[in-house]
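Just below is one structure, and these are the notes that go with it.
The values are calculated or read from the model by the stated rules, or taken from the named source; none is laboratory data. Note that the structure is a prediction, hence the values are computed from the model and not measured. Quick reminder, even Gly has a Cβ in these numbers, built from the backbone with ideal geometry, and neighbours come from all protein chains shown.
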Amino acid sequence: MALASWLSRENTIAPATYNRWRVPPAALAVHLCIGQVYAFSVFNLPLSQVIGIDHSASNDWSLTDIGWIFSLAAVFLGIAAAFGGRWLETVGPRKAMAVSAVCFGGGLVIASIGVSLHQLWLVYLGYGVISGIGLGIGYISPVSTLIKWFPDRPGLATGLAIMGFGGGAMLGAPLSVALMDYFATPESVGVAPTFLVMGVLYFLLMIYAAYLVKVPPIDWHPKNFVAKKSFSPSKGVDMHDAMFTPQFWLLWIVLCFSVTAGVGVLGQASLMIQEIFGSTVTVAAAAGFVGLLSLFNMAGRFLWASASDYLGRKVTFTIFLFLGAVLYALVPGIGLSGNLFLFIAAYALIISMYGGSFATIPAYLRDVFGVKHVGAIHGRLLTAWSVAGVLGPVLINYLREYQLCIGVPPVEAYSLTFYIMAGLLVIGFIALIFVKPVQQE
Amino acid sequence: MSEDKLNKKSSSNFWYQLGMGGIISWLIILLLLSWGVGNTFLNALKLLSAIT
């Protein structure tokens, strides 16, 4: 009973004088934890050597089978975000964050048991399905909460929360490697105890976040801030109504096409820079390039989303789509000219705008549909991310292979893909032109 | 006072609100973030210096 009461929405309503700056750490903590999913690739090799230890034995799992763990997590993230949004708005962020903590931490514990017993289906169920559901609920609940606390700076609010998701990999990767090194023995690669410890640690940090989180009282607004009528916390277009508006689908296209290129590039960055610049870029230097891109991905989330409060959401997305298209059209030429510094700078800017798109879109949704159901609408819009997650890598990988097959040299194998990416951004830009706020009546 | 002026005034106490709001939770988060970001940044610099 005490637990149910603690989790209830009524118990998370803050007093009118509550300092709203106590809430962002809760949002950041959840996103820092679930962002670990971006670092899952550090487990690929050890998971393929659970039995052979220093090599892959014949009965070890193949990398293709292991690849499905991340894919399942990504799919269930999308499903949970799309269908959990309305539930989140009803039960409040504390219960949602607690459920997310149980799912994400619990999923890691189940995956740990799966690795110990060498049962891949248990790892799929644990990390792929259960942690994936935790990821989806954990992604949308902090965003929807912060946006209600910062009606005067919605871009800053969503940037703060979603920046944590970018930072989660930077935290998760070295933590995973350090734990695996600590637990590794001549008989074990150390993945099972690493999953167990990470499950417990992430659960504790996420529950701490659930303890910190509060929602503002109805019709609360910051001192001296006069909300426009449509931005009143008690007003907003219902999720189902929103899905029948052209604005929702136009923004869906904007998000999908603005992140398609980034998703594809992030997965292939290391190989791409080595193929374009040949022996100038070693494998180690390419890894440094990937690290640099992840830093710009994270920084872009906070900086672009915060800047959108001053520039306006439409202007910010115009920059993402227009400047992005120009940069993608220029990148093949930069690659052929051999100017490595310019190539890295162009990509750093492109990836910062990729991160910025994720962080700015919830604030744009709030501008268009109002505050009340923004969490639920955001959850549904994230299906655009799932589509981009398939489209981006498919475009990059298959077009590269096709180009190589027809005899195009590796240095030019990405040119066609880049031009197609530029074209997709132009389509996104055309969709953006038609986005206008919804008449709530 | 106009709506814009009022809104500017509300964000002018940003640093006061940040300082007074949940110092411990902010410290935990900033510590975790700076460890992750610092690690990645130093590694990226070290590895990029391998460009011949």
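Summary table below
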{"read-out": "Given (1) surrounded by fewer than 24 Cβ atoms within 10 Å (Cβ to Cβ); (2) charged (D, E, K, R); (3) over 28 Å from residue A:291 (Cβ atoms), number of the condition residue A:181 does not satisfy", "value": "(3)"}
{"read-out": "Filtered residue count, the stretch A:328-343, keeping only those that are surrounded by fewer than 23 Cβ atoms within 10 Å (Cβ to Cβ) and in contact (Cβ under 8 Å) with a residue 60 or more places away in the chain", "value": "6"}
{"read-out": "Test result for residue A:408, closer than 30 Å to residue A:235 by Cβ, surrounded by 14 or more Cβ atoms within 10 Å (Cβ to Cβ) and at pLDDT below 85", "value": "no"}
{"read-out": "Any pair with Cβ under 6 angstrom, 6 or more apart, that starts in the stretch A:389-411 at a residue that is within 23 Å of residue A:279 (Cα to Cα) and ends at one that is not in a helix (DSSP H, G or I)", "value": "A:400/A:413; A:403/A:413; A:404/A:413"}
{"read-out": "Residue match in the stretch A:373-386 (condition: polar (S, T, N, Q) and in a helix (DSSP H, G or I))", "value": "yes"}
{"read-out": "Positions within the stretch A:276-293 being at pLDDT below 80, over 22 Å from the mean Cα position of the chain (by Cα) and closer than 16 Å to residue A:343 by Cα, in sequence order", "value": "A:278, A:279, A:280, A:281, A:282, A:285, A:286"}
{"read-out": "Qualifying positions in the stretch A:235-264 - without any contact (Cβ under 8 Å) to a residue 12 or more places away in the chain and of a type in the set (A, V, I, L, M, F, W, C)", "value": "A:244, A:249"}
{"read-out": "Which listed residue is modelled with pLDDT under 90 and aromatic (Phe, Trp, Tyr), from A:104, A:70", "value": "A:70"}
{"read-out": "Yes/no for residue A:14 being surrounded by fewer than 18 Cβ atoms within 10 Å (Cβ to Cβ) and closer than 27 Å to residue A:162 by Cβ", "value": "yes"}
{"read-out": "Positions within the stretch A:394-423 being under 14 Å from residue A:261 (Cβ atoms) and in a loop (DSSP other than H, G, I, E, B), in sequence order", "value": "A:414"}
{"read-out": "The stretch A:30-51: number of residues that are within 14 Å of chain B (Cβ to nearest Cβ) and either of a type in the set (S, T, N, Q) or closer than 21 Å to residue A:293 by Cβ (or both)", "value": "8"}
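For every residue, the table says whether it meets (1) more than 29 Å from residue A:313 (Cβ to Cβ); (2) in a helix (DSSP H, G or I).
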| position | (1), (2) |
| --- | --- |
| A:157 | no, yes |
| A:161 | no, yes |
| A:165 | no, yes |
| A:168 | no, yes |
| A:177 | yes, yes |
| A:193 | yes, yes |
| A:203 | yes, yes |
| A:208 | yes, yes |
| A:224 | no, no |
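Matching residues to (1) of a type in the set (Gly, Ala, Ser); (2) at pLDDT below 90; (3) over 26 Å from the mean Cα position of the chain (by Cα):
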position: A:207; (1), (2), (3): no, no, no
position: A:214; (1), (2), (3): no, no, no
position: A:218; (1), (2), (3): no, yes, yes
position: A:221; (1), (2), (3): no, yes, yes
position: A:230; (1), (2), (3): yes, yes, yes
position: A:233; (1), (2), (3): no, yes, no
position: A:238; (1), (2), (3): no, yes, no
position: A:247; (1), (2), (3): no, no, no
position: A:252; (1), (2), (3): no, no, no
